[in-house]
Amino acid sequence: MREIEHPPHAASLLESMRSIGYTLESALADILDNSLSANAKNIDIQFRPHDDPYLAIIDDGDGMSPSVLQQAMRHGSTNPLDKRAADDMGRYGLGLKTSSLSQCRKMTVISKQDSTVTGLCWDLDVVIDRQSWVILELEDEDLSSVPHMEMLIKRKSGTLVLWQKLDKLIAGEVSAEAALVGKMSHVYDHLSLVFHRFLSKEDKKARVNISINGRDLPPVDPFLVNHQATQQLEQESFAIEGEKVIVKPFIIPHYSKLSVKEIEQAGGTDGIRNHQGFYIYRNRRLIIWGTWFRLAGKDELSKLARVRVDIPNALDHLWTLDIKKSAAHPPEAVRRNLKRTIDRIRAVSGRTITFRGRISEKSEFTSTWNEVVDRSGVRFDINREHPLIKEFQTVLPGKYAEQLFEMILKVIEGSFPADALYSRMASDMKPGFNGEYLESQLREMATTLFEGMALESPVRAHLLSTLHVIEPFNLYPALTKKIVEELKNLEQ
């Protein structure tokens, strides 16, 4: 049997590889992976949507020599089975080319190392014209006309990746300018999440600055680690083929404790519930998130649970990591350990949902409702010791007023809208007063509570000092403080 060398048809293969499935944000993330692997500390993304639209990525990494750049521009430049450095973000030796050409027809890479500047370019129109794997080498006059070349020259070393002829990026759009601006807004949010651990200082690792048209990307932490109500569970680790996998569970705060900005960070318009699950990091870079890998369902009791899983690149072959580094599936040995983690955190997340961040019998607040657990299950009774309710009872007229009032309370308790509440919780609708009437409602309650009390009354003084721990006043501390100060001024 004789051997026949049968290379692929250059133009056909390159055009086919453009449909591998990259989005703009996943393509840019692939380019940033290369910058981070080259130890870049500053990465600038520049785009121009008008005239001759382009997109450029400039970093201050180690740069590449002419021979290394030529190898990097080769399709399949490295074998995915080869052992990589522990901090290497790549895998297949295809990312730089496939991600770039998925968005444009012309990609140029210019790199500076040891004062030597080298530039190479893949232009699909040239490949089609020549019907061969032809790559273009830039000469001095070509380099001088490249956008943002001055940023690269000023740096000791680094690399510039330029995308031109943005056919795929603006295909089907009426306005190329509006399309690019809109898509880059989504890129901003995506990269802020995917690289949030690089954008923050973590352990002894310095933070990386990433910007888009001069606007710095903020780190978007899906675990809300800095929120005082976030629960961090004990970290675990296990070994697979001698490599360590680290698992760190978090229970984010109930959404009643989150600001509008924090709710957006925790899930935004897609909903907090949809973002529960595992967050898989490969060398600190987020590759997949918001899934339980079919080890559990996305239900109400686990919706606040998020688990950070750190995997090394040495286990890529077991995770079936795809070329885009946007999908992965854990091997059986990992699934067994992750299933144990799920069982451990669901109970904690469920408690947080049920008690809104506190257990009633240990609460420091005077609640309106008391949770009662008995053999038949759980129910919620109105707290007869609530100051507003006690005060109302004292002014009830008539012989049977107290009995009638107790009957009314029992009717309210018996018709507690549990199903409607569950539905609202599942929709991530933040509970609370209508914002338009919030101040007037609280003031009316306070007026009712203190009406008829003598200014020098010790009961009045006690209630004023504890109003901030009485529901619903405890939910709005700033406004409650203002009301208390106004009531105290009446005494002067």
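The values are calculated or read from the model by the stated rules, or taken from the named source; none is laboratory data. No experiment lies behind these values; they were computed from the predicted model shown. Note: ideal-geometry Cβ built from the backbone for every residue, glycine included; neighbour counts use all protein chains shown.
Taken over segment 40-57, the criterion of being at pLDDT 95 or above and either assigned to a loop (DSSP other than H, G, I, E, B) or buried (at least 24 other Cβ atoms within 10 Å of the Cβ) (or both) is satisfied by Ala40, Lys41, Ile43, Ile45, Leu55, Ile57.
Inside segment 204-222, residues that are more than 18 Å from Tyr279 (Cβ to Cβ), acidic (Asp, Glu) and in a loop (DSSP other than H, G, I, E, B) make up a count of 0.
Rundown of residues vs (1) among the β-branched types (Val, Ile, Thr); (2) touching a strand residue (DSSP E or B) at 6+ places or on another chain (Cβ under 6 Å); (3) free of Cβ contacts under 8 Å to residues at least 24 places away in the same chain; (4) farther than 30 Å from Pro330 by Cβ, yes/no style:
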residue	(1), (2), (3), (4)
Leu160	no, yes, no, yes
Val174	yes, no, yes, yes
Gly182	no, no, yes, yes
Asp203	no, no, yes, no
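Across segment 364-401, the qualifying residues are those that are basic (Lys, Arg) and at pLDDT 75 or above, and the one among them that is farthest from Ser302 (Cα to Cα) is Lys390. Taking each residue of segment 458-487 that is not aromatic (Phe, Trp, Tyr) and looking for partners that are not in a helix (DSSP H, G or I) with beta-carbon atoms closer than 6 Å, six or more apart or interchain, yields Arg460/Met453; Val469/Phe365; Val469/Thr366; Ile470/Thr366; Glu471/Ser367; Glu471/Thr368; Asn474/Phe365. The condition (being part of a helix (DSSP H, G or I), surrounded by fewer than 17 Cβ atoms within 10 Å (Cβ to Cβ), in contact (Cβ under 8 Å) with a residue 60 or more places away in the chain and of a type outside the set (Lys, Arg)) is satisfied by just one residue among Glu25, Glu15: Glu15. Taken over segment 277-313, residues that are under 13 Å from the mean Cα position of the chain (by Cα) and touching a residue at least 40 places away in the same chain (Cβ under 8 Å) amount to 12. Within segment 320-344, the set of residues being assigned to a helix (DSSP H, G or I) and at pLDDT 80 or above comprises Glu332, Ala333, Val334, Arg335, Arg336, Asn337, Leu338, Lys339, Arg340, Thr341, Ile342. Taking (1) part of a helix (DSSP H, G or I); (2) in contact with a helix residue (DSSP H, G or I) (Cβ under 9 Å, 6 or more places away or on another chain); (3) farther than 25 Å from Ser19 by Cα in turn, His190 satisfies each apart from (3).
Only one of the listed residues (Asn283, Asn226, Asn209, Asn213) is under 25 Å from Leu32 (Cα atoms) and either touching a helix residue (DSSP H, G or I) at 6+ places or on another chain (Cβ under 6 Å) or at pLDDT below 95 (or both). That residue is Asn283. Would you check if Glu361 is of a type outside the set (Ser, Thr, Tyr) and modelled with pLDDT of 75 or more? Spelling it out, it is not the case that Glu361 is of a type outside the set (Ser, Thr, Tyr) and modelled with pLDDT of 75 or more. When segment 2-20 is filtered for residues that are more than 23 Å from Asp125 (Cβ to Cβ) and modelled with pLDDT under 90, the ones remaining, listed by number, are Glu5, His6. Filtered by the rule that a residue be of a type in the set (S, T, N, Q) and either under 16 Å from Asn283 (Cα atoms) or buried (at least 18 other Cβ atoms within 10 Å of the Cβ) (or both), segment 165-206 gives Ser192, Ser200.
For Asp428, the conditions (1) at pLDDT below 80; (2) in a helix (DSSP H, G or I) are fulfilled apart from (2). When Ile110, Ile128, Ile153 are checked against the criterion of being surrounded by fewer than 22 Cβ atoms within 10 Å (Cβ to Cβ), touching a residue at least 40 places away in the same chain (Cβ under 8 Å), assigned by TED's automatic domain parsing to the domain that holds Asn42 and touching a strand residue (DSSP E or B) at 6+ places or on another chain (Cβ under 9 Å), Ile153 stands alone in meeting it. The selection criterion, being in contact with a Leu (Cβ under 9 Å, 6 or more places away or on another chain) and among the aromatic types (Phe, Trp, Tyr), holds for Phe278.
Listed here are the residues, each with its yes/no results for (1) of a type in the set (Lys, Arg); (2) outside the structural domain of Lys106 (by TED's automatic domain parsing).
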{"position": "Arg197", "(1), (2)": "yes, no"}
{"position": "Lys205", "(1), (2)": "yes, no"}
{"position": "Ile210", "(1), (2)": "no, no"}
{"position": "Asn226", "(1), (2)": "no, yes"}
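Tell me, yes or no, whether segment 226-241 has at least one residue that is assigned to a helix (DSSP H, G or I) and within 30 Å of Ile57 (Cβ to Cβ). There is no residue in segment 226-241 that is assigned to a helix (DSSP H, G or I) and within 30 Å of Ile57 (Cβ to Cβ). Selection of segment 128-152 for residues being under 24 Å from Asp33 (Cβ atoms), outside any loop (DSSP other than H, G, I, E, B) and more than 32 Å from the chain's Cα centre (by Cα) yields only Met149.
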